[in-house]
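Engineer: The structure under discussion is supplied below as structure tokens; questions concerning it will follow.
Just so you know, all these numbers are worked out from the coordinates, no wet-lab data involved. What you see is a predicted model; the values in this text were computed from it and never measured. With ideal geometry, Cβ positions are generated from the backbone for all residues, glycine too; neighbour counts draw on all protein chains shown.
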Amino acid sequence: MTNPEAQQQARQPVPEAEPQAESQERSHTRPDGRSEGSPEAVAGVPSDADAGTSADAGAGVPAGADAQAGADAHVGPDAQAQAEATARLERAVRAAEQALIEFEIAVETFRIEVENFSRLHHQRLGPMYSRLDELDALIAEAVAARTGDPEDIRKAREARGLVLPMPKVEELFHGWIDSDGLSPEGAAMLTEQPVQPPPRVRPSEESRRIYRELARKAHPDLAEEEAERERRGEFIVRVNAAYAAGDEERLRALAEEWAAGPPPPERRWSRSEELYARLEWLAERKEMLAQVAAELESSAIGAMIKMAPEDPDGLLDEIAEQLLAKVAEKENQLAELVR
């Protein structure tokens with residue numbers, strides 16, 4: 001049921017990717033020519049570093065990086081050094097991507113094992129736990145009936161409350177609270193305010209003027225390119241919302257925003273900047289997965305799996321025997337009380 005190797009790998013951190021670790025770039029090749037476990041084959045880890053392989057398969061450098069590394073004999077030493085540094089970053093990113101993919105697989109494998117074991121634990125042991133709770137309530141009630149002590153009566157009520165089914169939320173709060181949260185009527189009652197419909201908005205003449213002017217200038221149908229049409233459409237949505245709310249100040253701000261024109265295009269990153277950003281993202285992803293793995297291991301079910309990683313089913317059998325013994329003990333105790 002469980003995979004000890006996957007659990008062990010889930011508990012180990014992703015190895016740090018060194019740019020010099022060229023050996024990590026070698027991987028098994030699939031029939032279609034791509035590496036097994038390549039980033040483009042895994043939906044969870046996007047890849048922008050795989051630019052294809054060069055003619056020299058032993059170098060392990062993408063074609064684009066190989067061309068930058070000095071395919072042109074006339075490239076200066078500075079440009080060649082920069083190309084070599086970029087190629088090392090490419091290899092580091094690929095190594096980190098592959099390590100992260102393996103770590104994700106291990107964590108996901110362990111998560112599925114925990115879920116499956118939790119389901120099996122509930123199916124096999126849940127009725128025994130319920131029977132123990134019922135016996136505790138019956139014993140407490142029998143003790144209270146014998147002694148009549150207020151403290152024993154209180155304990156009996158608490159024990160019985162643990163086994164009583166919870167009423168539906170709507171019934172418990174008489175419709176004030178439902179599955180979507182506090183109803184408007186319930187909120188009004190708690191705040192001692194009457195339930196009122198939203199006030200009707202009457203935009204001012206100035207708001208109407210600004211709205212009509214913006215609608216004429218920024219209408220999406222005036223754009224010829226799709227990107228500009230989308231930008232205008234998003235802008236008009238904001239204009240309509242401000243006009244519907246009668247927010248003249250917001251409309252003025254939108255008019256100033258439109259007059260200023262579209263924001264300047266973002267500066268395009270260099271290849272090295274993209275690779276460094278990619279490495280930072282991979283590190284953050286690894287930290288998040290490590291936290292998920294730690295939470296799984298620290299959970300009650302995860303701790304049980306760690307107690308018997310080779311035979312968790314046998315652990316369930318052992319717990320079931322202990323619970324059956326407790327059930328028999330409490331049933332004997334109850335029989336003595338009700339004689």
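Engineer: For the stretch 211-286, with only Lys/Arg (+1) and Asp/Glu (-1) charged at the beta-carbon, what is the dipole magnitude about the Cα centre, in debye rounded to 20?
Structural biologist: 180 debye
Engineer: In nm, to one decimal, how far is the modelled label at residue 202 from the one at residue 335, with both set 7 Å along Cα→Cβ?
Structural biologist: 8.4 nm
Engineer: Modelling each spin label as a point 7 Å along the Cα-to-Cβ direction, I'd like the residue 78/residue 164 distance in nm, to one decimal.
Structural biologist: 8.2 nm
Engineer: What dipole magnitude, in Debye to the nearest 20, does the stretch 127-166 give about its Cα centre under +1 on Lys/Arg Cβ and -1 on Asp/Glu Cβ?
Structural biologist: The calculation lands at about 60 debye.
Engineer: Kindly state, to the nearest 0.05, the FRET efficiency for residue 129 paired with residue 247, given R0 = 56 Å and r defined as their beta-carbon distance.
Structural biologist: Given R0 = 56 Å and the Cβ-Cβ separation, E is 0.50.
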